[in-house]
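Quick notes on the structure that follows.
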Amino acid sequence: MIKAILIFNNHGKPRLSRFYQYFAEDLQQQIIRETFHLVSKRDDNVCNFLEGGSLIGGSDYKLIYRHYATLYFVFCVDSSESELGILDLIQVFVETLDKCFENVCELDLIFHMDKVHYILQEVVMGGMVLETNMNEIVSQVELQNRMEKSEGGLSAAPARAVSAVKNMNLPEIPRNINIGDINIKVPSLSPF
């Protein structure tokens, strides 16, 4: 089972952290720092598997990572997971990000965090691998994008709310609202 997925840059700044096991916030930050120190000090020509840090479970857990340009993608897994399978999963995740963002970079992870989390949820949910087929993941992301555009997305929500209120066709704006023992005076909303 996957216990955590961490993405951080070459300077140790977390760009995504998803824990599938509860850790207090301060402990999560310590785990991220410890994981960065364990992974970043390794040479580029050594294997991409190592024992988990002391904070995340020690030798019972493995850190499996890939280093792409300025980003480290680290999956912390228990002993039941295949190291090569997780390496392949990291590759699928990165290629999917690359396809969705057209040459993904660190700034895409920063400014499109919601989309990155959605893509990750298509791949892994609750610490379990859901999908490994990149084409299926991309089609689900495109479907989600089309749905958001057809609904106007979150940015259009205030405009839809205003138009809905305007379309209510109230004969007049109520000045006093009485609900049982509560009497509410509505202030004048007119700019005149």
Test Glu95 against the stated conditions and say whether it is among the charged types (D, E, K, R), loosely packed, with under 15 Cβ neighbours inside 10 Å and touching a helix residue (DSSP H, G or I) at 6+ places or on another chain (Cβ under 6 Å).
yes
Considering residues that are within 14 Å of Asn145 (Cβ to Cβ) and assigned to a helix (DSSP H, G or I), the number found within the range 95-118 is 8
Given the condition part of a helix (DSSP H, G or I) and open to solvent by 60 Å² or more (accessible area, probe 1.4 Å), answer yes or no: does some residue in the range 48-59 qualify?
yes
If I filter the range 1-26 down to residues being part of a strand (DSSP E or B) and among the basic types (Lys, Arg), which single residue comes out as farthest from the chain's Cα centre (by Cα)?
Lys3
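Per-residue answers, yes or no, for (1) loosely packed, with under 13 Cβ neighbours inside 10 Å; (2) free of Cβ contacts under 8 Å to residues at least 40 places away in the same chain; (3) touching a helix residue (DSSP H, G or I) at 6+ places or on another chain (Cβ under 8 Å):
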{"position": "Arg66", "(1), (2), (3)": "no, yes, yes"}
{"position": "Asp78", "(1), (2), (3)": "no, no, yes"}
{"position": "Glu83", "(1), (2), (3)": "no, yes, no"}
{"position": "Glu102", "(1), (2), (3)": "yes, yes, no"}
{"position": "Asp108", "(1), (2), (3)": "no, yes, yes"}
{"position": "Met128", "(1), (2), (3)": "yes, no, no"}
{"position": "Ile137", "(1), (2), (3)": "no, no, yes"}
{"position": "Gln140", "(1), (2), (3)": "no, yes, yes"}
Can you pull out every residue in the range 60-86 that is in a helix (DSSP H, G or I) and either modelled with pLDDT of 95 or more or in contact with a Cys (Cβ under 9 Å, 6 or more places away or on another chain) (or both)?
Glu83
Being at pLDDT 90 or above, closer than 18 Å to Met1 by Cα and hydrophobic (A, V, I, L, M, F, W, C) is true for just one of Phe93, Phe36, Phe23. Which residue is that?
Phe93
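The values are calculated or read from the model by the stated rules, or taken from the named source; none is laboratory data. The structure displayed is predicted, hence computed values, not measured ones. Heads up, the Cβs are rebuilt from the backbone with ideal geometry, glycines too, and the neighbour counts pull from every protein chain shown. Heavy atoms of the whole protein, side chains included, go into the accessibility calculation; ligands, DNA and RNA do not. Shrake-Rupley method; radii C 1.70, N 1.55, O 1.52, S 1.80 Å.
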